[in-house]
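Colleague: After the structure tokens below, expect a handful of questions from me.
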Amino acid sequence: MLSSRFALIEIILHTTSLTLLQKLRIQDPEGWERYTKLYLPLLYKWLKNMGISEEDAQDICQEVFINTYTSLSSFEHHGKGSFRKWLRTIVNRRISDHYRKKEKDSPVVPIKGSGPKVLSESWENAFVNEVYQHALALIRQTTAPRDWEIFEKLHFSATTSQEIAEEYKITANTAAIIRC
């Protein structure tokens, strides 16, 4: 069962499901709720990491979601990652528009870590991290507390399976299986 969860996580990391895209296109409330839960935290963290103020990040998020809603019919799916690339383009345009409107008479303040390559890498890193954290939270909810402790010690520290086996009075093989 655990391996099927990781397979699902792998799919989420590299694709936006066609089912979700279909739900968004027909304006299905469940689809928009799922989209919001998946992409809003990602977008907000990404904007904050770029050095955008909280108020501006909230405004830009709202502009991105409105734009996504109104222009989704023009999106064409071209395989893995195409939705995220399309969304990233919307985000970059909304950032530019936001600052152009806000600071017509003020000098433009450069955004920390900008540039097409940096923005693309930042977006991908933020997306992967957000999905990873979400996946860990989901797995933790369905894992026994002792097994979660073992997993954390093996996965996030230099503890060996043999050390865990001695501490929890299990075999090293059982510890290794729990980690997987």
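The values are calculated or read from the model by the stated rules, or taken from the named source; none is laboratory data. If you're wondering where the values come from, they're calculated on a predicted model, not measured in any experiment. Neighbour counts run over all protein chains shown; Cβ positions are idealised from the backbone, glycine included. Keep in mind that these areas ignore ligands, DNA and RNA; they rest on the heavy atoms of the full protein, side chains included. Shrake-Rupley method; radii C 1.70, N 1.55, O 1.52, S 1.80 Å.
Colleague: Would you tally the residues in the stretch 56-82 being assigned to a loop (DSSP other than H, G, I, E, B), among the charged types (D, E, K, R) and either open to solvent by less than 100 Å² (accessible area, probe 1.4 Å) or in contact (Cβ under 8 Å) with a residue 12 or more places away in the chain (or both)?
Modeller: The number of residues fulfilling the criteria is 1.
Colleague: Still on this structure, please answer the following. For the stretch 126-174, enumerate the residues that are among the aromatic types (Phe, Trp, Tyr) and farther than 30 Å from VAL91 by Cβ.
Modeller: TRP148, PHE151, PHE156, TYR168
Colleague: Suppose we filter the stretch 39-55 for residues that are surrounded by fewer than 18 Cβ atoms within 10 Å (Cβ to Cβ) and either touching a His at 6+ places or on another chain (Cβ under 7 Å) or part of a helix (DSSP H, G or I) (or both); how many remain?
Modeller: 7
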